[in-house]
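Laboratory data are not the source of any read-out in this text; all were calculated from the coordinates shown. If you're wondering where the values come from, they're calculated on a predicted model, not measured in any experiment. Glycine also receives a Cβ, built like all others from the backbone with ideal geometry; neighbour counts cover every protein chain displayed.
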Amino acid sequence: MSGDSALFPQEKVDRKRLGANVDRVLERAVLAMVNDRFPHALLLVGPEGLGRELAAQEIAIMLISDTAPQPFAQTPVADRIRKGLHPDVVVPQGEGRKDLIRIDRVREIVKQAPGRPFEGQSRVWIFDGVDRRLEAAGANALLKVLEEPPAHVRFLLLCANPQAVLPTIRSRCARMMMPGIVGSGGILGEGTTPPEVAIWVDRDPKVTDVFEKGVAGLEQVVQGDVQTAIRLSTLFGGMDGGVELLAAASLELAAGNAQWEGAEACAGIAAELLSAQKPIKILGLRPERQILSCLLKWGTGRGGV
């Protein structure tokens with residue numbers, strides 16, 4: 001079980017704030033369970049802190065319980081799982097500065113998987129952030145149990161970028177998509193924390209000043225607002241995973257507004273940010289400078305906003 005006092009931090013499983021973002025995924029999960037078609041391994045794709053953790057928690061509860069699957073059930077078993085006190089639901093903890101799930105921990109899970117559930121109908125392991133916290137060696141070790149999973153075992157793999165997950169892992173998982181960054185803003189509605197900064201706002205309330213309308217900042221960049229480009233680069237450049245987050249917002253904005261004249265520019269921003277991601281990590285470049293360069297290039301005038 002999780003090393004915290006709960007399965008996940010409360011801000012990531014706040015039903016009042018995030019419930020609307022997970023409803024469709026939970027409906028699909030219930031349908032799969034009722035029809036006895038729920039997969040042994042599920043890749044749950046969505047931005048961190050915008051509902052994927054809540055969805056995984058509630059799916060685990062339904063898999064463990066011996067009653068008809070019902071999201072947000074209020075039972076003693078459900079309560080214990082949410083508190084991180086049920087032995088059949090485990091969130092492997094990371095180690096070190098990068099919070100990586102080490103290969104030794106994965107091997108331990110592979111060894112434990114054949115064991116029968118302690119109390120519930122299944123044993124569930126939830127790997128949070130599998131796209132950034134599970135290195136190649138650990139992913140390859142996990143393959144052993146994904147290839148021939150015991151009937152009573154379920155793996156829920158949470159990620160924001162499925163392309164960063166080992167292809168052999170992806171091929172052995174069914175996939176469910178959470179609303180993306182832009183879609184989450186539309187579902188959660190006015191008055192909620194801007195989804196781009198939801199998981200950081202508690203650390204620095206000032207970041208909410210950067211956005212007023214979801215991804216309006218990106219639209220302003222495309223229209224040639226230099227000051228917005230500077231603010232975006234400063235904000236995202238200082239965040240862990242900020243480059244990927246801004247790229248995801250750019251791509252989703254482009255995909256959801258294909259007829260908009262700025263859609264092509266936003267797609268270009270996404271592509272360029274992702275291409276810069278590896279050199280930033282390998283060469284130790286400053287992310288905010290790379291982001292700013294990219295945003296200015298794709299502003300009005302292509303290099304001269």
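Structure data summary
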| read-out | value |
| --- | --- |
| Residues being assigned to a helix (DSSP H, G or I), among the small types (Gly, Ala, Ser) and touching a helix residue (DSSP H, G or I) at 6+ places or on another chain (Cβ under 7 Å) - total across the stretch 118-154 | 4 |
| Residue selected from the stretch 105-117 under the condition of a type in the set (Val, Ile, Thr) and touching a helix residue (DSSP H, G or I) at 6+ places or on another chain (Cβ under 7 Å), by the criterion surrounded by the most Cβ atoms within 10 Å (Cβ to Cβ) | 106 |
| Residue within the stretch 262-269 that is closer than 22 Å to residue 49 by Cα and in a helix (DSSP H, G or I) present | no |
| Hits in the stretch 7-40 - residues which are of a type in the set (Lys, Arg), more than 13 Å from residue 69 (Cβ to Cβ) and surrounded by fewer than 18 Cβ atoms within 10 Å (Cβ to Cβ) | 15, 16, 17, 24 |
| Flag if residue 115 is of a type outside the set (D, E, K, R), part of a loop (DSSP other than H, G, I, E, B) and free of Cβ contacts under 8 Å to residues at least 60 places away in the same chain | yes |
| Pick from the stretch 118-144, criterion among the small types (Gly, Ala, Ser) and surrounded by fewer than 17 Cβ atoms within 10 Å (Cβ to Cβ), ranking: nearest to the chain's Cα centre (by Cα) | 136 |
| Residues (of a type outside the set (S, T, N, Q) and free of Cβ contacts under 8 Å to residues at least 60 places away in the same chain) located in the stretch 26-47 | 26, 27, 30, 31, 32, 33, 34, 36, 37 |
| The stretch 1-59, subset β-branched (Val, Ile, Thr) and not in a loop (DSSP other than H, G, I, E, B), residue nearest to residue 114 (Cα to Cα) | 59 |
| Selected residue (criterion: surrounded by the most Cβ atoms within 10 Å (Cβ to Cβ)) from residues of the stretch 145-168 that are within 18 Å of residue 91 (Cα to Cα) and free of Cβ contacts under 8 Å to residues at least 40 places away in the same chain | 145 |
| Subset of the stretch 60-104 that is among the aliphatic types (A, V, I, L, M), in a helix (DSSP H, G or I) and without any contact (Cβ under 8 Å) to a residue 40 or more places away in the chain - its residue that is surrounded by the fewest Cβ atoms within 10 Å (Cβ to Cβ) | 103 |
